[in-house]
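Participant: Quick one: structure below, then a few questions.
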Amino acid sequence: MDAFRIVGGHPLRGTVRISGSKNAALPILFSSLLGGSFSLSNVPCLRDVKTTLLLLEQLGLKISVRPEPLAESKGFDHNEPIWSDLLEISEGTTSPFEAPYDLVRTMRASVLCLGPLLARRKRARVSLPGGCLIGARPIDMHLKAFERMGARITIHHGYIDAETDGLEGSEISLPYPTVTGTENIMMAAVLARGTTTITNAAEEPEIVDLANFLVARGARITGAGTSTIRIVGVERLDPVHYSVMFDRIEAGTFLVAAALLGEEVTIREVESSPLSSILDVLKAMGAEAEIHTGAITLGAIRRPRGLSLRTLPYPGFPTDMQAQILPLMAIAEGPSSVVETVFENRFTHVMEMNRMGANIEIHGSQAMVRGGSRLEGAAVMASDLRASAGLVLAGLIAEGETEVRRVYHIDRGYEAIEKKLEALGARIKRIQEDSP
Ligand SMILES: CC(=O)N[C@H]1[C@@H](OP(=O)(O)OP(=O)(O)OC[C@H]2O[C@@H](n3ccc(=O)[nH]c3=O)[C@H](O)[C@@H]2O)O[C@H](CO)[C@@H](O)[C@@H]1O
Ligand SMILES: C=C(OP(=O)(O)O)C(=O)O
């Protein structure tokens, strides 16, 4: 298994290109099950994207990536996309409708095939995704919405079986603004008969990106980015070329790296507005950010100040940035606290950070950070995607050597993070675990 070996304390300087968004690319890719053909650029080269393409191929779609992913031998330029200048997707000649356990278990977002499969093929058999380390993560809201739209759903032997004679537009009021739930319903509604209104919809920028993409294909969607989304069903979707939005969580992760160690770091191919809550927190901790067109520059905070925050649905501070902000809180002057309101068990990185010298106590859904700690390098274990990113950031400021194990988690959601950090001046290498 791969691990990262990091020697902490090296300043970061330079420019880094932020990749396309995982959480926008995945629903856009799954929407290909709604039929027709299209091409995409700015699709990040991630394990979750590769899993999605594999699943879509099993579901009968034809996919070509042009040019082919760059061979390792061509080297890495942190200012260029690694692959996918163009990804073309079209319908094949068969219409399977089963998403098997072996793929779904490696990526919860596979559940995003349910809505489009039901809408287009009228049948879906999808393995229940189950929980994961950060929480139980049920999909009851997705399933209730599909039932309301006219699907018959049964669950047997770990599989969801869903079928319909044709989905009908409906009023869907979500008990919680679920992100993939909103996307799944929106995709199903695009080809449903009549009008669907989703109230208490999630407002994440990735939902807006999916809606913009679908509208460019001829879908009739209004209100994406607000809590009420209205979708009028259409017969079919048109071909289009679309470029996926930037990854605001990768951007946020590099902003925290800059706040920890930046002599001056510029992230490019970004917009500031989806990053507002992250920038607000960094500014409250003492950062001075320069916002340019398409780029943000930030340097290390000389004396970071502690603060209290809650993770919340967008536009609040994202749960996907909670692990990464903790190392900054750990070294800040004065105490900090984080209340995790989105997932019930998203603090597995805290024990590992404490092994590096942080002083963080967990009380239920709250992490109390003492502050003023000096972190020391240690061997630590990554337990999920963002936990890994948080541990990498902790390693960057720790004194001495840190080995972050099980970084396969980070490859789900960060494109060549070690190469991007190395290009900025970090001492970080991908190694085989236990290699000398
Ligand atoms: C691929 C993708 O976009 N993943 C993101 C998406 O995950 P995901 O869409 O899975 O997250 P949700 O917004 O659905 O989950 C939020 C909360 O609602 C609960 N819930 C959700 C659906 C449901 O039917 N029943 C239910 O109880 C979940 O267990 C969780 O506690 O949003 C999360 C919250 O911003 C992010 O951390 C993930 O990175
Ligand atoms: C939790 C995340 O992703 P997923 O919903 O795909 O598990 C994440 O991106 O941090």
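Nothing in this text is a laboratory measurement; each read-out follows from the coordinates by a stated rule. Given the structure is predicted, the values throughout are model-derived calculations rather than measurements. Cβ coordinates were reconstructed from backbone atoms using ideal geometry, including for glycine residues, and neighbour counts include every protein chain displayed.
Participant: How long, wide and thick is the chain, going by the Cα atoms along their three principal axes, in whole angstroms, largest first?
Facilitator: The Cα atoms of the chain stretch 62, 48, 44 Å along the principal axes, largest first.
Participant: Under 24 Å from the Cα of Lys429, which lysines turn up, not counting those fewer than eight places away in the same chain?
Facilitator: Excluding near neighbours in sequence, the set is Lys22, Lys50, Lys74, Lys419, Lys420.
Participant: Can you put Thr180, Thr222 in order of Cβ neighbours within 10 angstrom, beginning with the fewest?
Facilitator: Thr222, Thr180
Participant: Moving on to the next point. Taking the Cβ of each residue in Thr164, Thr51, Thr196, Thr154 as the centre, tally the other Cβ atoms inside 10 Å and list the residues starting with the fewest.
Facilitator: With the sparsest Cβ surroundings first, the list reads Thr154, Thr51, Thr164, Thr196.
Participant: While we're here: Please arrange Asp209, Asp161 by how many other C-beta atoms lie within 10 Å of their C-beta, fewest to most.
Facilitator: Values: Asp209 25, Asp161 17.
With the sparsest Cβ surroundings first, the list reads Asp161, Asp209.
Participant: Separate question: For Met285, what is the net charge nearby, where nearby means another residue's Cβ is under 12 Å from its Cβ and Lys, Arg count +1, Asp, Glu -1?
Facilitator: Net charge around Met285: +1.
Participant: Just to confirm my numbers, what's the Cα centroid distance between region 161-195 and region 360-436 in Å?
Facilitator: The two parts, judged by their Cα centres, are 39 Å apart.
Participant: Loop only per DSSP, at most 16 neighbouring Cβ atoms within 10 Å: give me the GluC sites (Glu not before Pro) in region 336-436, ordered by residue number.
Facilitator: Glu344, Glu433
Participant: Work out from phi, with θ = phi - 60° and the Karplus expression 6.51 cos²θ - 1.76 cosθ + 1.60, the ³J(HN,Hα) of each residue of region 138-144, listed in order in whole Hz, and give x for Gly and Pro.
Facilitator: For region 138-144, the Karplus-derived couplings read x, 10, 4, 5, 4, 5, 4 Hz, x marking Gly and Pro.
Participant: Under 22 Å from the Cα of Lys144, which lysines turn up, not counting those fewer than eight places away in the same chain?
Facilitator: Straight-distance partners of Lys144: Lys122.
Participant: With a ≥ b ≥ c taken as the square roots of the eigenvalues of the C-alpha gyration tensor of region 255-309, please select rounded if a/c is under 1.5 and otherwise prolate if a/b is larger than b/c or oblate if it is not?
Facilitator: Cα axes put region 255-309 in the oblate bin.
Participant: According to the square roots a ≥ b ≥ c of the eigenvalues of the Cα gyration tensor, what is the shape class of region 183-317, taking rounded for a/c under 1.5, prolate for a/b larger than b/c otherwise, and oblate for the remainder?
Facilitator: Here region 183-317 falls in the prolate category.
Participant: Against the longest principal axis of the chain, how steep is helix 47-58, in degrees 0 to 90 to the nearest 10, with axes from Cα atoms?
Facilitator: With rounding to tens, the tilt is 20 degrees.
Participant: Counting other C-beta atoms within 10 Å, and keeping those with at most 15, which DSSP coil GluC sites (Glu not before Pro) do you find in region 266-328?
Facilitator: Hits after loop and neighbour filter: Glu288.
Participant: Another one. Would you please classify the overall shape of region 278-436 from the alpha carbon gyration tensor, given that a ≥ b ≥ c denote the square roots of the eigenvalues, rounded means a/c under 1.5, and beyond that prolate means a/b larger than b/c while oblate covers the rest?
Facilitator: Because its axes are fairly even, with a/c under 1.5, region 278-436 counts as rounded.
Participant: What are the trypsin sites (Lys or Arg not before Pro) within region 184-292 that DSSP puts in a loop, where the Cβ has at most 14 other Cβ atoms within 10 Å?
Facilitator: Passing sites in region 184-292 are Arg236.
Participant: Once phi is turned into θ = phi - 60°, what whole-Hz ³J(HN,Hα) does the Karplus curve with 6.51, -1.76 and 1.60 give for every residue of region 187-200, x standing for Gly and Pro?
Facilitator: Result, rounded to whole Hz: 5, 5, 6, 4, 10, 6, 7, x, 9, 10, 10, 9, 9, 6.
Participant: Now, a different point. Return the distance in nm (one decimal) between the two label points of a simple spin-label model at Leu133 and Arg220, each offset 7 Å from Cα along Cα→Cβ.
Facilitator: If labels sit at Leu133 and Arg220, their model points lie 4.6 nm apart.
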